[in-house]
Each structure stands twice: as structure tokens, then as C-alpha cells.
Amino acid sequence: MIHIKIQFHTNQYQACAWGNLHAEGVIDWPPAPWRILRSLVAGAYNVNLSETYQPTLKALLHKLATAQPSYTLPSTTYIQHRSPRPQVNSKTAKVASGKTLYSAGLLMSSQQNELYIHWSVTLAEIEELVLSLCLSGLTYFGRKESVATMKLVDTAPEPNAEPDTQGTRIVAIADPDLDADTLWNALNLSAHENYGVNRSAVFPGIRWATYRIDQLQLQPQADEQQRTHSVTLAVSGSPKLPFNLALLLTHRLHQALISRCPAPVFTGQEMGEPSKKHDHTIFQCLPDRTGRYVEQVRLYSYSGYSLEALAAIASCSDLPGVARGYDLKLAIADIGSNEQVSEDWISSTPFFLSRFPAVRRGKPRMLSARYQKDGPEHQVLQYLQYLPWLNLQGTPTYREYKDHLALCLDGEVAIVASCKPFPGFWKWESECRQGKKVGQVGYQVRLKFATMVTGPIILGYAAHYGLGAMVPTREWVGVYQGIIQNNDVLMISAN
């Protein structure tokens, strides 16, 4: 077992994942074994390693390529930079907007700026000498902004990132089936030579592996009981913002929050990649009594808001130019309350499909006699199962329930859904540019749960920005409407 210590002297690490553009903001974390091997080759050239030791270096690299290392990663914070590059006309001296360069990286504290790599291999004395010499020739790791030194150490902390087939981090590794000479040629190949000169779309010698990172050690979280999960902002302005322009407001508010606090609770990203969960912020605009204008904006996060996130929300008091002629002011109206609990829910904003209904040979694939697979009702019931706070546990099945489609969990009816076109759905537009929207029809959804559930409930395309949002249905006084499991009917009783 050998241990390599990397110390980042500027407390930052910048390196884009292999196969991604630097502007995409995807960080190579943990550092890919393929990157480490190529760094060793670069270090050998920097120290002018004698050709006498080149066979030893080839054997060393081949030995490291046959085993996947584990890591001890420090606590980090993901950041993004945007650097505008205006274009200046040399003849007229006029300045025009040009390209905007994007970059991303990880910040770490000065007390925790060390990374350890653990390799389960046994090296000869001459191989350890060559490895130490190659490591001494490196002055940065990743991009040049990441000034670092690397060296062999005798002891190291316990690893918190290890290879795992069920892991979520995808990294590039060397093909273990390559011989020493082929691996050496692949590690010396530059991107220009492969893509430009050789005209090859595939970089040789690379395979992919997944790693599991212990999130508790990587970034300790505060007690969930001490965190605020909901914040309500009052919206004011003259003139009032029409409710069908609500997505312009949520998009601008999202941009303002990210510029102040680029935390995962706002970005919805983990190391530059979109989160697969729904624990980041949900923006939901609430109308006034007339239903025509935006009166409040509710922010909800299943993971909760830290003190820094709450401070960022409080600082977003002015949003000028949300739409043409609309300058809005925001103020915190409530923190941590106003939870919506109900059995009956209805859409307050249109629900748009994120994938096309299933077809086979030009004919619809039917889920039942009346409902198409991946149709509006089917997609609604599928989306609900991804919201952890609804606690929908069990084996899902679908069947017709009178005139509606029902989701059954372990054979019991849990939710009944129905969809129809949303009135004036064509007036709604999304500026988030995220996700996939299919079709042009927005739907109004009605849901009936077997038990009381707590919101928010969001569905479909641009759901985190306010589309597909649902609110409790206004109930008649003294009237109860519930689901009877046995005879497939809706029970209505008056008290």
C-alpha cells in the first residue's frame, strides 16, 4: 500500500471531468486515476528523467493502472466563475458584448487543504524512487490555478471515497488490459494529436469507473431539526406582476440567490452535475384573492436552509426589471410555517410533459383500456413518487379508477389523478432553459390522496421554477370526500 499526499497551497482545486468542456462546470472529483497517471508522465518530463529509468516508469504506470485507488477527500465548497470578455472594435473603438468564459472549482479551508490517494500496490525500491522523483516535478494538479505539491507519505487518514459499482461519481481510469508500451503511448497522447491530427472521436486507453463518496465526512450537515425548510416572501410593486409572468420572477430570484450564495440548496447541483433528488429549492408563486397577480413567493427545500442561505434570501429585497415595466420589492413575510396539508389538490400553474407519450409502430402504447403509457395522468403519478416528503412507499401499479387513473401501492389505492387542458396555458413561458419540454399543451391536474399529505407538490417541466405547482382544493364546509378501497367509489358525506 502506498499513500500519495497532495497539498493545495491556494486552497482550491480546478479540473474539469474527462470528456467535459471546462465551461460545463463538471469537476473531476475525486481526481480520476487517469489524470493522476498523466500527471506522473508530465512530472517525469519536468525532472528530465533519464532514459535509463524509462522502463521502470512504464512498469510503475502499468502496475498503478491495474488497481483502482481510494481517496481521503477534504471538505470542499463548489464555486463557479463567470468572466465576461467584451469585444473592442479596433477601428471605431466601440465596445460590444462578447463571449462569457465560465469556470468552476472547489474551495477548501487552509486547515483542510490536503488530499490523500491510497493505492493497493507493492512497489520495489527503485520504483518508489522513480515515483518520488516524478511527484517532485509537479507544481500544480488539474489547472494551473490549482498550485499543489505531491509526495509519498508513510501514513494517511482513513479513506472516504472508494470504488463502488453503485457509486454516483464517474471518473476515467486506465484500461487494465493494456500492456505497458500501449499504456505509455496513450498517456503521452495529447488531445490535439488525438482529435485534431488523428481525427479520432475516442481517446484510447480509457475506461470508466464509479466511486462512492462518504457525504457525512465530506461535508457535515447540521441537524435537520434545527433547519428552516420554508420561507415566504411578500411581493410588492407598482404595477403588480400578472400571475402568468410568475416564471420570470422565480427565474430572476433564482439568479439573485445563486450570485449571493452558490450552495447546492439553490444551484441544484452536486459538483457541477444536476442533483438526482428534489431536496433543493422549489419556487412557488402564490396569487392574490383575484387570482390575477402575484402576491407571495414561497421557497421550500426538503434539506433545509442554513444560516448563510437564509441571509442570502433576506438580501434579495429588490428585483428590478423582472419584466418590462415591472420593478419588484421582496420582504420576508413568514419563516418555517404555512405548510399546506390536504387530500385534494389542483394545479395553480399548467403542467407540461417532459417526455412524449409512448408509441409503438406509430400506434399508442396503452397502459389500460383508456390511458396511454407516459400520458399526462401516468407521468403525474410517476412524478409524485420522486417527492420524498409524500412518503409513497410500496410496489406501484396502475389501473383505471372509474373515470380516472389510480396509483396503487401494494394493491391499495393511494392516489387518483385526472388531467384536462389548463385554461390559457399558452400564456405561460419559462425562462429557465433547463430540462426538456415536449408538446405545447399545458394540463390542469386534479389529485385525490387516500390520506392527508403535506406539500409542496410539483410536477413536470420547470417544476422547481413554479410550473406544475399544485395547491389544496378549496373544500365545502361540512362535506367530506374520500376513497373507499374495496368497491372503487368515491365516498361523499355531509356532517
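The values are calculated or read from the model by the stated rules, or taken from the named source; none is laboratory data. Values in this document were obtained by computation on a predicted structure and should not be read as measured data. Don't worry about glycine lacking a Cβ; one is built from the backbone with ideal geometry, like all the others, and counts go over all protein chains shown.
Data for the structure
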read-out: Single condition Ser348 does not satisfy, out of (1) under 30 Å from Asp28 (Cα atoms); (2) hydroxyl-bearing (Ser, Thr, Tyr); (3) assigned by TED's automatic domain parsing to the domain that holds Leu390; value: (1)
read-out: Lone qualifier among Arg289, Arg355 - being free of Cβ contacts under 8 Å to residues at least 12 places away in the same chain and not in a helix (DSSP H, G or I); value: Arg289
read-out: Hey, Val26 closer than 16 Å to Trp208 by Cβ and surrounded by fewer than 22 Cβ atoms within 10 Å (Cβ to Cβ) or not; value: yes
read-out: Which numbered condition Thr451 misses (of (1) surrounded by 17 or more Cβ atoms within 10 Å (Cβ to Cβ); (2) under 17 Å from Pro388 (Cα atoms); (3) modelled with pLDDT of 85 or more); value: (1)
read-out: Candidates Thr281, Thr290, filtered to the one that is outside the structural domain of Val26 (by TED's automatic domain parsing) and within 13 Å of the chain's Cα centre (by Cα); value: Thr281
read-out: Residue identified as outside the structural domain of Ser301 (by TED's automatic domain parsing), modelled with pLDDT of 85 or more and outside any strand (DSSP E or B) among Ala186, Ala201; value: Ala186
read-out: Any hit, segment 410-419, residues being out of contact with any helix residue (DSSP H, G or I) (no Cβ under 9 Å at 6 or more places or on another chain), at pLDDT below 90, in a loop (DSSP other than H, G, I, E, B) and of a type in the set (Gly, Ala, Ser); value: yes
read-out: Pair list, Cβ < 9 Å and 6+ apart or interchain, from segment 26-41 residues that are among the hydroxyl-bearing types (Ser, Thr, Tyr) to residues that are part of a helix (DSSP H, G or I); value: Ser39/Cys134; Ser39/Leu135
read-out: Residue check for Val441: modelled with pLDDT of 90 or more and not assigned by TED's automatic domain parsing to the domain that holds Ser275; value: no
read-out: Selected residue (only one of Leu299, Leu319, Leu330 is modelled with pLDDT of 90 or more, over 28 Å from Leu390 (Cβ atoms), crowded, with 19+ Cβ neighbours inside 10 Å and in contact with a helix residue (DSSP H, G or I) (Cβ under 9 Å, 6 or more places away or on another chain)); value: Leu330
read-out: Which listed residue is surrounded by 15 or more Cβ atoms within 10 Å (Cβ to Cβ) and in a loop (DSSP other than H, G, I, E, B), from Trp34, Trp18; value: Trp18
read-out: Restricting segment 45-75 to residues that are within 18 Å of Gly142 (Cβ to Cβ) and more than 37 Å from the chain's Cα centre (by Cα), the residue that is surrounded by the fewest Cβ atoms within 10 Å (Cβ to Cβ); value: Tyr45
read-out: Candidate set from segment 130-166 (those that are farther than 13 Å from Tyr13 by Cβ and charged (D, E, K, R)); member that is surrounded by the most Cβ atoms within 10 Å (Cβ to Cβ); value: Glu162
read-out: Residue match in segment 323-333 (condition: part of a loop (DSSP other than H, G, I, E, B) and not small (Gly, Ala, Ser)); value: yes
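Quick grid of which residues meet (1) small (Gly, Ala, Ser); (2) at pLDDT below 90; (3) over 30 Å from Cys261 (Cα atoms):
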residue	(1), (2), (3)
Gln7	no, no, no
Arg35	no, no, yes
Ser39	yes, no, yes
Leu60	no, no, yes
Arg85	no, yes, no
